[in-house]
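The values are calculated or read from the model by the stated rules, or taken from the named source; none is laboratory data. Because the structure is predicted, anything quoted here is derived from the model rather than measured. Cβ placement follows ideal geometry from the backbone for every residue including glycine, while neighbour counts extend to all protein chains displayed.
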Amino acid sequence: MAKITFITSDNETHIVEGDSGSVMELAVNNGIQGIDGDCGGVCSCATCHVHVSPEDISKTGEASEIEKDMLELDDNADAYSRLGCQLAISDALDGIVLRVAK
Amino acid sequence: MAESRFSNRICVVLGASHAGVNFAFSLRREGWDGEILLFDSDPELPYHRPPLSKTYLTNGDTIEKNLLKPEESYKKEGITLRLGTTVSTINKEAHTIILEDGDVQPYDKLVIATGARPIIPPIPGIDTSKNVFLIRSAKDIADIRSALKHSKSKRIVIIGGGYIGLEAAASLKKTGADVTVLEREERVLARVTAPEMSNFFKELHTENEVPILTAKDVKAIETQKGYNEVLCTDGSRYIADILILGCGIRVNQELAKEAGLDIENGIRVNSMARTNDKDIYAIGDCTFHYNPHYDRFIRLECVQNAVDQAKVAAAAICGKEPIYDTIPWFWSDQYDVKLQMVGLSEGYDRALVRKEVNRDNCFSIWYFKGDTLLAVDAVNNAKAYVYGTKFIKSGEKIDTSKLLDSSIEFKPSNLLAE
């Protein structure tokens, strides 16, 4: 079980729990504003962009190559950017804080 | 909550797929606090359609794993789902819809998101054939899975080498079936891509032991005891325990047409997704809409258009003045190949192929008209897809000799024309 904090672009904080699936699915299932997941989680739309809190990047790891490329669609992507669909939920993600990209 | 100008008003949505569902949630977000009713004849909770021909066909998941939104979200947002309910008439003068069972539902605003349905070609014998399937709904896939389970020899013929047919071929091959694709044109994906892309996919399938047979015009289907035989005009015959049709779609526009709404190649809408009736909007695959970037009316079959038009219609109904102005994008997954497309290539006069050094199956096709980039098809190359998107949006000119030179590091600033 992982407890994950989402901070939306309106600065609303939502703490939700998940034990399987992806961070994108968890966000969609909990109605987190700004995470759309239009392609259903196949790294094709980049509508699930989150910024990982810098102290948590060791838990999530960095984006993969295709993910980094897709993140370039957003001019605000940075070294802490990930696509939620590419982050599989596991105990390792417990406690992380994700800021939803604008 | 204080009453707003939308309180006690009813928004009815026909069609609960990508367009209808995204619209309903967007409408709530835009401030509509009246009722929202979503009608669909499909009894399942709304689900993602693109995976149906891809992962969902093979992974054995239930549809619950593939939902657009969880059931609780509809309750939470006060969106009423009327699934398994067929609508038979729109009465725009009375502001009502009439259901198949005769019930009348009034509306203040109506949104048509009825999408499209697969074409069943008028091939003699098709009505009496065994195990003939389409790929559009969750039930279609459940039926295919069940037929596969009960078939010993698992010989599958797919009629149609478009995206649906090719994706289904790749997925079904993975399950161990013996798959053949019959395409009527001289090449697959002829309507949507350059010949280089058609050749690439033909070879990809051939390498994966899925024959792609082109210029195969099916003239009849004969059904023996347990299987079908597909007869082509050139005299060739193919045995099919299971037959899958990927022959394109027809827009579900009959309700709109009978109601007297403007129809061309789909339901005609303006840049706010509104039809010629001020209280009726249409969104998604069923619309014929103006694309400002390409300066023409188009109809699109894709998630992007469904979602983006949904947002525009929601904003418009809540009193904003949005303009639908987007660059279409699409994707297709076959075997381990990811194809990503952006823009509309129709009308191109040059298709340039950029290959990446030391990477197999990694290239992109750049479609130009004069020096204007219209579209990019990228195979296992998200960079090309992303850069293509940026160039199409910005309109910056590309130095095509640099684009074709794979020894130059691939990044936008290196491709700009002087």
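For the range B:100-122, the criterion of being without any contact (Cβ under 8 Å) to a residue 24 or more places away in the chain, within 15 Å of B:Ala259 (Cβ to Cβ), among the small types (Gly, Ala, Ser) and not assigned by TED's automatic domain parsing to the domain that holds B:Pro195 is satisfied by no residue at all. Residues satisfying the criterion are present in the range A:79-87 (criterion: within 28 Å of B:Ala378 (Cα to Cα), in contact with a His (Cβ under 7 Å, 6 or more places away or on another chain) and not hydroxyl-bearing (Ser, Thr, Tyr)). Among the residues of this structure, A:Ile66 counts as one that is more than 24 Å from B:Ala24 (Cα to Cα) and within 12 Å of chain B (Cβ to nearest Cβ). Among the residues in the range B:257-270, are any closer than 26 Å to B:Ile126 by Cα and either assigned by TED's automatic domain parsing to the domain that holds B:Ala310 or in contact with a strand residue (DSSP E or B) (Cβ under 6 Å, 6 or more places away or on another chain) (or both)? Looking through the range B:257-270, none of the residues is closer than 26 Å to B:Ile126 by Cα and either assigned by TED's automatic domain parsing to the domain that holds B:Ala310 or in contact with a strand residue (DSSP E or B) (Cβ under 6 Å, 6 or more places away or on another chain) (or both). Criterion first (among the basic types (Lys, Arg) and surrounded by fewer than 18 Cβ atoms within 10 Å (Cβ to Cβ)) does B:Lys54 satisfy it? In short, no.
Of all residues in the range B:143-160, those that are out of contact with any helix residue (DSSP H, G or I) (no Cβ under 8 Å at 6 or more places or on another chain) and not charged (D, E, K, R) total 7. Per the listing B:Gly125, B:Gly102, the residue uniquely crowded, with 16+ Cβ neighbours inside 10 Å and more than 22 Å from A:Gly21 (Cβ to Cβ) is B:Gly125.
Taking the range B:337-396 and the strands (runs of 3 or more DSSP E) fully enclosed by it, the elements with 1 or more residues that are in contact with an Asp or Glu (Cβ under 7 Å, 6 or more places away or on another chain) and either among the polar types (S, T, N, Q) or more than 12 Å from every other protein chain (Cβ to nearest Cβ) (or both) are at B:350-355, B:363-369. For the range A:43-61, taking the residues that are touching a helix residue (DSSP H, G or I) at 6+ places or on another chain (Cβ under 7 Å) and within 14 Å of chain B (Cβ to nearest Cβ), the one that is farthest from B:Tyr47 (Cα to Cα) is identified as A:His49.
What about B:Tyr324, is it aromatic (Phe, Trp, Tyr), farther than 25 Å from B:Leu57 by Cα, assigned by TED's automatic domain parsing to the domain that holds B:Tyr387 and buried (at least 19 other Cβ atoms within 10 Å of the Cβ)? When the stated conditions are applied, B:Tyr324 does not pass them.
Under the condition of being at the interface with another protein chain (Cβ under 8 Å from one of its Cβ atoms) and surrounded by fewer than 19 Cβ atoms within 10 Å (Cβ to Cβ), which residue from the range A:5-32 is farthest from B:Asn380 (Cα to Cα)? If we take residues in the range A:5-32 being at the interface with another protein chain (Cβ under 8 Å from one of its Cβ atoms) and surrounded by fewer than 19 Cβ atoms within 10 Å (Cβ to Cβ), then A:Gly31 is farthest from B:Asn380 (Cα to Cα). The residues of the range B:15-45 that are within 12 Å of another protein chain (Cβ to nearest Cβ) and in contact with a helix residue (DSSP H, G or I) (Cβ under 6 Å, 6 or more places away or on another chain), listed by number, are B:His18, B:Ala19, B:Asn22, B:Ser26.
Consider B:Leu81 carefully, then state whether it is surrounded by 14 or more Cβ atoms within 10 Å (Cβ to Cβ), closer than 21 Å to B:Ala19 by Cβ and within 11 Å of chain A (Cβ to nearest Cβ). When the stated conditions are applied, B:Leu81 does not pass them.
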